[in-house]
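Take a look at the structure below.
The values are calculated or read from the model by the stated rules, or taken from the named source; none is laboratory data. All values derive from a computational prediction rather than experimental measurement. For neighbour counting, all protein chains shown are included, and Cβ atoms are generated from backbone atoms with ideal geometry for every residue, glycine included. For accessibility, only protein heavy atoms count, side chains too; no ligands or nucleic acids. Shrake-Rupley method; radii C 1.70, N 1.55, O 1.52, S 1.80 Å.
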Amino acid sequence: MMSCTKDPEVPNKRKITVWPQWLAVLTIGLEAIVSGLATGWASPYLAQLTSAEVDIPLRLTDTEASWVASFLNLGRLIGALLGAFCQEFVGRKRVLLLSGLPLASSWIFTICATSVTWLYWSRICSGVGSGMMWPAMSLYLGEIANPTIRGSLIAMNVNAASVGLFLGNAMGPYLSMEMFAYVSLVPNILFMTLFSLIPESPYHYALHGDIDEAEASLKWFRRESDVKAELQELQDFVNGATASILTKLKDFLLPANLKSALIMFGLNVFVYASAYSTINSYAEIILINSGVNVTPSIVVMVLGFSTIVVGSTVTLVVDRFGRKNLLIVSSIGVAVSLVVLGLHFYLLSLGLNSEMLTWLPITSLLFFNIFASYGLIPVPATLLSEMFPANLKNLASLCIALGNATFAFTFAKTYQPFIDVAGETIVFWSYGLFVLLAVPYVWYFIPETKGKSLLEIQQTTK
């Protein structure tokens, strides 16, 4: 009897085919790389554009540079609104394809840049494209993924952005802004071409009552001839999701759903308080100010490469050790790294030799990138795809994306004024101590969702 019950389970497990899902991830990863290139652009070129020693025709003041750094995040606000509106009618896939247009436009503006205004428009377009892409990407991958690899799929694309960040930091010191933009257009165009060949999420078809297309999409991603059981679960999950916007707003304000939104909102406060995007934008300037005796651009490249290596391992552990554990370890590591970075500037203020302390800012930034990449950066995107019922996914992703863009813009725009008023020591210590508060927050409020289907998550979080 024992063998009769176990034997059938073996072939069932072998039937699970995941390569079509990974193919979709790798294709979307091209666009994530482009978004990362837009972020990575800032560190080398802001350092060049604000330096009196570099011979380039375009020169920026510190104020103009802070606007260039922060306009990307302002564009994300616009992109989040556009993306949510479009998702409601055309689906995740088409929104992802549409996001390629403003990103491509941003590189064209950079090619044409003869004044800071062109750069402003370039960064806004980058933000619009990224703001459309990231919420749609999280939802799309969450909807096509097998529960056992859902976290890994989403973490993989977050890591693809790290690849773009690294490439941006690596190319910046050696390429003109014009050539950088030409290179960045290549993955942009490849993505729009290849992703058009991959099916829409089966959830989108089910939402609009097209069950035949939903079944065909499931068969493409699962490579199974019989997907009736999963199709039925999918229909149960999306049941009632086509309600009017007023009904959705009422449902959104129900205690269970509002609680999920507030939990995600609070988590993202800690993510952006870590100043991950801000520090990556100002990495080269931070290293210059820290007085390291190593070429800052080389250090930034090493930091970017370390993020890629760590991000690759996250795909192996996020579905094994769980979301909460990674977030807690990540928060502690980021907090300590920021405090140590602030300590370096404190020691400089006491008159210690900067060359003797070169290892300290480099080490702290290295561990900052490693720990941020292990939890605070990839996990919230995974949770966004998991925590809301089908009828509220789009509305919830809009609210959270708007909040994220606001946080990112606020921290990017206030970073330089904060430095001017309080100095690096107070700034980094403030960030670090605040991020440490994420540990009890995650422990008490973040649900563990690893290995659960989207329907199971909804049933256990009510």
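Given a Förster distance of 22 angstrom, what is the FRET efficiency for W22 paired with V309, based on the Cβ-Cβ distance and rounded to 0.05? Please list the in-between numbers first.
Values: r = 19 Å, r/R0 = 0.88.
Given R0 = 22 Å and the Cβ-Cβ separation, E is 0.70.
When each of the peptides 207-216, 373-382 is scored by how many other beta carbons lie within 10 Å of its residues on average, the order from highest to lowest is 373-382, 207-216. Taking all protein chains together, K248, K219 sort by accessible area into K219, K248, largest first [probe 1.4 Å]. With the highest mean first, a sort of the peptides 27-36, 337-346 on other beta-carbon atoms found within 10 angstrom per residue produces 27-36, 337-346. Using a/c under 1.5 as the rounded threshold, could you call the stretch 245-461 rounded, prolate or oblate? The axes a ≥ b ≥ c are square roots of the C-alpha gyration tensor eigenvalues, and prolate needs a/b larger than b/c, oblate otherwise. It is prolate, given that a/c is not under 1.5 and a/b is the larger ratio.
Write down the accessible area per residue of the stretch 43-95 in Å², having rolled a 1.4 Å probe over the full set of protein chains. Spell out each step's value before the answer.
On the way: 2440 Å² over 53 residues.
Ligands and nucleic acids excluded, the result is 46 Å² per residue.
Take peptides 353-360, 436-443, 425-432 and line them up by average Cβ neighbours within 10 Å, highest first, as a rough protection proxy. Numbers along the way, then the final one.
Numbers: 353-360: 14.5, 436-443: 17.2, 425-432: 21.4.
In descending order of packing, they fall as 425-432, 436-443, 353-360.
Pairs of alpha-carbon atoms within less than 8 angstrom and 6+ residues apart define the contacts here; what relative contact order does the chain have, in percent?
Values: 726 pairs, mean separation 113.3, N = 462.
Answer for the chain is 25 percent.
Which whole-number percent is the relative contact order of the stretch 16-198 (Cα, under 8 Å, 6+ apart)? About 41 percent, as a whole number. Placing one equal scatterer on every Cα of the stretch 135-175 and applying the Debye formula, the log10 ratio I(q)/I(0) at q = 0.16, 0.29, 0.31 Å⁻¹ is -0.50, -0.91, -0.97.
Against the globular-protein guess of 2.2 N^0.38 Å, express the Cα radius of gyration of the stretch 16-198 as a ratio, rounded to two decimals.
So the stretch 16-198 has a normalised radius of gyration of 1.05.
Structure note, pairs K259/K413; K93/K450; K219/K324; K393/K413: Cα-Cα distances above 28 angstrom occur for K259/K413; K219/K324; K393/K413. On the protein heavy atoms, probe 1.4 angstrom, tell me the percent of accessible surface of the chain carried by carbon and sulfur. Carbon with sulfur: 68 percent of the solvent-accessible area.
Of [x] 37, 29, 24; [y] 39, 24, 20; [z] 103, 25, 17, which one was derived for semi-axes √(5λ) of the Cα gyration tensor in Å from the structure shown? Checked against the structure: label [y]. Compared with the alpha-carbon gap, the fully stretched path from E53 to V294 is longer by 85.0 nm at 0.36 nm per residue.
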